[in-house]
Structures are given as structure tokens and as C-alpha cells.
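The values are calculated or read from the model by the stated rules, or taken from the named source; none is laboratory data. Here the structure is a predicted model, which means the values were calculated and not measured. Cβ placement follows ideal geometry from the backbone for every residue including glycine, while neighbour counts extend to all protein chains displayed. Accessible surface areas use protein heavy atoms only, side chains included; no ligands, DNA or RNA. Shrake-Rupley method; radii C 1.70, N 1.55, O 1.52, S 1.80 Å.
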Amino acid sequence: MIAASLSALRFISRRSCQRIIRVVSFPPSFLLLQGQWMIKHRYAGCFLFSLLISGISHAGVMITSPEGGVLTFSQAKKGEHYDANTWGKIVFSTKNMQADLSQEDRYYTEDGSSQVSPSGRYLIVNSISGGELWQEDGTVTWSDRAYCSVVDMKNGCITSDWSGEACGYTWVGGKDILASSEKPNADTFNFTAMRPTLRESKGDFALMENARVMNIMRCDVPGKGNINDYQQLATLNKLSAKAVRSQIAHYVNSLTVAASIESKALLFTRADEHSQTKAYLVAGDEIKIIQRSPDNQWVNVGYINAKGSPLVAWIKADTLIK
């Protein structure tokens, strides 16, 4: 098991060090601070700075990409049903963020030999969903199913997650193409077409699990084209509302065009009269402009109240101060 805090993790000549870093085992409470420790791995010249490790009892595996992402496999699984190099947790991180990509019903296999795609952007992650099955005669058997996920090493988006024959596909042609072989007529797997978007999940907003919401926010970053859907998601999904509102607020604060409300402005979910809500803004409220309707009769605005809670809605253009 690894209990580690990685601060200021940097690599000299990152492109030459995009492969594997093995985190070796240390006795509990081993501390290495502000040091320069050469890690033995497949590429020379890579150093790990400012590493703080506490209570390490099993080795872990880290795979890096020239895109800046690091995928860490930890919490080694032991037992008769687990092969060597099997892990219970995977965490994606960059210098700006960290995300737990683990799924409760999965364990992950990685020995350090997996390769990122030719561009360095994608990584295939192999996992297994396994458990005991009770038979009618009272006997218990173990059943498992293999999955292969493609992780975007730029942002941690689980672009696709599938099982079956495609798990044997590999990167071919020096491009980010997954195929069953190097042959010209080999079957290919268009994993990028499976990238999750918020809009395609619209009918499931109220029931979406938190892990799915978090992944969609990594895959389909809030912006002008989907921010109104994120507002609806925050309203309907109580479990993930706080995290979604945080992303909405970040987007609204990034907008540069500001305006003020001139008179009471009713709020609408769409740019039409039939989508009116019970909420409204009052004269003097400061808003950010997201976009305008083609006929300029409606304005899509972002508003953050005194408590820091964001709101995205449509208002009529004539309620803004000219």
C-alpha cells in the first residue's frame, strides 16, 4: 500500500522519460525531502525531486506522458485470485490537478510495460471485474471479466471503457490508432468517438453517479456550448452539485464581458418564453455575458451571488443596462 505525497514532481528531459517510473519499497515512515534521488528505470537521466513518502509497504507503478499526465497504480492486491502486479487504485495527476479514476468493482493490472500512444496522449489501462458466484448446488465459483480503458493523459478523461476482443488491440502505424494487427485491412477501434459528453447524458442527470459526473467534467470541459447543461446538472444531481457548481463558477469567473441588470430580469433555461423559471435578478446585479441569441433578443448570462454560488440562465436583452 502506498501512502505518498508527491510535491513538485518534475522530470529532466520529460520526453525522454515518458515511460515507467517504479516506486520501490521502503520501510514505514521513510522520508526523503528536497533530495535528488535517481530512479532506476528504462530511461536514464530522470530525477525525482521533493518526494515525501510515508508508510510504504508495497511497490507501486507510475506511468508518465509527455502531455504532462502521470497515472499512478497503488494498493497492491494479494490473494489466490490476483496475479502479480495487480492494483486496487489508480490516480491521475498533473501539476494542477489530481483525480481518482478507480472503480469499486475493478482491480487493475500493470507491470510497467504498457506504452502510451505514439503522440503520448493516450494510455490503455487494463482492469478486471471479479467476484464470487454462488451456484444452485451451493458451490462457490470465481468469475471475472476483463476491461480495457483508454485514458487521456492530458486531462484524465476515461475516453472509452470496453471489454471483449478489443482488449487485444495495440497502437499501430505510428499514430493514435488502435488496431487488431499491423495488417492494412486489420480491424480498428475508434475510441475517440466514444468520448463522453454531457449532452448525450442529459436524460440521466438526476441519477448519474458521482464518478461518472467527474469523468464527464474532465472529458467535456464546461464552456459556452455546454454551460447551460451543466447548470441543469447541478440542479438535478444533488450528489455532485457542489463539484459541478465549482466548475460553473470557475467558467463564469473566466468570462471577460460584464454588464449590469437595469430592471427585474426573469430567468429562463432557454432563449424562449416557455422556459421561464421562478428565479430572477434585480436591478444592480452584476453579471457576465456568455453569449447572445441570433436575433439579439436574449442574453445568456452567468451570475455569482454573495455566497459564491453560481447561476447560469437566459434573460431578455432589454433588462440589461445599455
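Selection of segment 278-322 for residues being closer than 13 Å to Gln231 by Cβ and within 28 Å of the chain's Cα centre (by Cα) yields Ile290, Asn300, Val301, Gly302, Tyr303, Ile304, Ser309, Pro310, Leu311, Val312, Ala313.
The strands (runs of 3 or more DSSP E) found entirely in segment 266-310 include none that carry 3 or more residues being in contact (Cβ under 8 Å) with a residue 60 or more places away in the chain and open to solvent by less than 40 Å² (accessible area, probe 1.4 Å).
Looking at Ser160, Ser119, Ser113, can you tell me which residue is crowded, with 19+ Cβ neighbours inside 10 Å and closer than 28 Å to Asp187 by Cα? Matching residue, one of Ser160, Ser119, Ser113: Ser160. The condition of being farther than 24 Å from Met153 by Cβ, touching a Phe, Trp or Tyr at 6+ places or on another chain (Cβ under 6 Å) and surrounded by 12 or more Cβ atoms within 10 Å (Cβ to Cβ) does not hold for Leu255. When the strands (runs of 3 or more DSSP E) confined to segment 146-253 are screened for residues that are under 22 Å from Asp105 (Cα atoms), those reaching at least 3 such residues are found at 158-163.
The criterion of at least 2 residues that are touching a residue at least 60 places away in the same chain (Cβ under 8 Å) is met, among strands (runs of 3 or more DSSP E) falling completely within segment 81-134, by 86-93, 122-134.
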